[in-house]
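Trainee: Take a look at this one; I'll ask things after.
Values in this text are rule-based calculations from the coordinates and carry no lab data. These numbers were taken from a predicted model, which means no experiment stands behind them. Positions of Cβ are generated from backbone atoms using ideal geometry, with glycine treated the same way; all protein chains shown enter the neighbour counts.
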Amino acid sequence: MAKNIPLEKHKDVARIDQESKRTHGWYVRVRFQGKTHPKFFSDGKHGGRYSSLLAALAWRDQIENQLGKVRTDKHIVTVSNTTTGVVGVRHNEKLNRYEVSWVDQSGKQGKTSLSIRKHGKDKAFNLACQIRQKKEAERLGLKSMKR
């Protein structure tokens, strides 16, 4: 592991310092496909604050690798508040279309829509999902992405 890793922010890793319970260490929470994989790394058991952080980061990376989760420090939205159940795809009943939105690698937002009148409801939804998958794969630098 690289030397001089900062003790500040690391994705999915939080510092816990609770004097009342004499608890000091790093709490890792890897979330993937609706499941959370947590683990606590105590300073005492790992030889200090820096060593416990290194252990926490190594464990996080190992678990993500085992799960097939892409390692990135970018925030990735994994919860959909749409009725379609697909992140980035929403059904606009008023305009009778599916709307697709995404963020590219540079952080710029993009969007498009597919007419239900033109394609039919099922085909428009499937095309919207395909566009979203393609754009997400491009953002993550993948050739293709399985859903």
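Trainee: May I ask you to list the residues in segment 81-90 that are in contact (Cβ under 8 Å) with a residue 24 or more places away in the chain and either buried (at least 19 other Cβ atoms within 10 Å of the Cβ) or more than 14 Å from K121 (Cα to Cα) (or both)?
Mentor: V86, V87, G88, V89
Trainee: Check whether at least one residue in segment 55-71 is touching a residue at least 60 places away in the same chain (Cβ under 8 Å) and under 15 Å from the mean Cα position of the chain (by Cα), and report yes or no.
Mentor: The answer is yes, given that some residue of segment 55-71 is touching a residue at least 60 places away in the same chain (Cβ under 8 Å) and under 15 Å from the mean Cα position of the chain (by Cα).
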